[in-house]
1. Between a residue in region 163-181 that is assigned by TED's automatic domain parsing to the domain that holds S242 and under 11 Å from M246 (Cα atoms) and any residue that is of a type in the set (S, T, Y) and part of a helix (DSSP H, G or I), which pairs come within a Cβ distance under 9 Å, given they are 6 or more apart or on different chains?
2. Please go through (1) part of a helix (DSSP H, G or I); (2) under 24 Å from the mean Cα position of the chain (by Cα); (3) surrounded by fewer than 16 Cβ atoms within 10 Å (Cβ to Cβ); (4) of a type outside the set (K, R) for I207 and return the number of the only condition it doesn't satisfy.
3. When you scan region 100-108, do you find a residue that is within 20 Å of the chain's Cα centre (by Cα), outside any helix (DSSP H, G or I) and farther than 14 Å from I4 by Cβ, even just one?
4. Would you please name the residue that is surrounded by the most Cβ atoms within 10 Å (Cβ to Cβ), looking only at residues in region 120-143 that are more than 17 Å from P68 (Cα to Cα) and of a type in the set (V, I, T)?
5. Identify the single condition in (1) over 19 Å from I116 (Cα atoms); (2) in contact with a Ser or Thr (Cβ under 8 Å, 6 or more places away or on another chain) that V49 does not satisfy, given that it satisfies every other one.
6. Kindly provide the set of residues from region 242-296 that are polar (S, T, N, Q), at negative phi and surrounded by fewer than 18 Cβ atoms within 10 Å (Cβ to Cβ), ordered by number.
7. Considering only region 7-41, state which residues are more than 17 Å from L67 (Cβ to Cβ), among the polar types (S, T, N, Q) and in contact (Cβ under 8 Å) with a residue 40 or more places away in the chain.
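The values are calculated or read from the model by the stated rules, or taken from the named source; none is laboratory data. Small disclaimer: the values here were computed from a predicted structure and weren't measured. Glycine gets a Cβ as well: all are built from the backbone with ideal geometry, and neighbour counts include every protein chain shown.
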Amino acid sequence: MSDIIAFIGVGNMGNPMATNLHKAGYKIKVFDISTEMQIKAKENGLETVNNINELITEKVSIVITMLPEGKHSKEIYLGEDGIINKVSKNCLLIDCSTIDIDTSKEIGKAAEDKKILMIDAPVSGGVMGAQKATLNIMVGGSVKAFEKAHPVLKIMGKNIYHAGKVGSGNGAKICNNMSLGITMIAASESLMLAKRLNIDIKKVHEIMKNASGNSWPIEVYPPLPGLIEGTPSNNKYKPGFSAGMMNKDLKLANECAKTVNAITPLGKMALDIYSKFCEEGNDTKDFSAISKVIGGDAWDYPIK
């Protein structure tokens, strides 16, 4: 493993993902525009550099990016000083950012034009999944690119899915997270109703886990404290996966739905609820903190 993996974006998700690659024996160099994230990366034993020019050299065989939005991916890959104009044809590009499908396709087309293999590979599973290397990774790209990336992806995740051509990874992730946003609200409503009915929350939670009302937020990531250890709800709703990021993904889902004339009323309702939650200053809390405004006195989110 003498070749170098360049990892750009070592925040809450990128840092543990890069760390797992480092622990597996890969030579990793990382960069983040945040000094705080750079310091945390160093604390995890990762080698940091000061800028992209220092990061992308002829020794880099794989570039992995984990960035907040499509505009960031576009700038990193296609900007005046973009990665696609720096790497060799033998370099594999992996964008793990959750971004709009059109931007994924645009970046993929630019890479294809230069005969560079690239995949979009957004992840699901939150910080806990990144730390434990149990992420679900949804991949869009050619079979050749997918097969080349697979050994690296398996170190960062548990379930690796090839969804189709470039852009399909983000399409699958957007669909998944729309469902997640909706079911987190549903789980919050159910558990808060049980609380108002003075029924033991732990017993209701146990029943729902084993009954038809089960869901990922119920079984793995409950929005109320005292149910499962290690979840954000037991840590003052420290993310995790932030409400702001969920709001972003719900916006992407609703924009996609409009472009293909898909009817997604619950997706729109979930976006309305999370948008207001974030506007009130909760964007940096875990997305499961939506339970704090559901079913109680603070609930005043009429559906329009």
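1. G181/Y274
2. Condition (2) is where I207 drops out.
3. Yes, the conditions are met somewhere in region 100-108.
4. Once the filter is applied, the top-ranked residue is V139.
5. (2) is the only condition that V49 fails.
6. In the first step, residues of region 242-296 are kept if they are polar (S, T, N, Q); the result is 242, 247, 254, 259, 261, 264, 275, 282, 284, 288, 291.
Still in the running and at negative phi: 242, 247, 254, 259, 264, 275, 282, 284, 288, 291.
Within region 242-296, T259, S275, T284 qualify.
7. Hit for region 7-41 is N20, nothing else.
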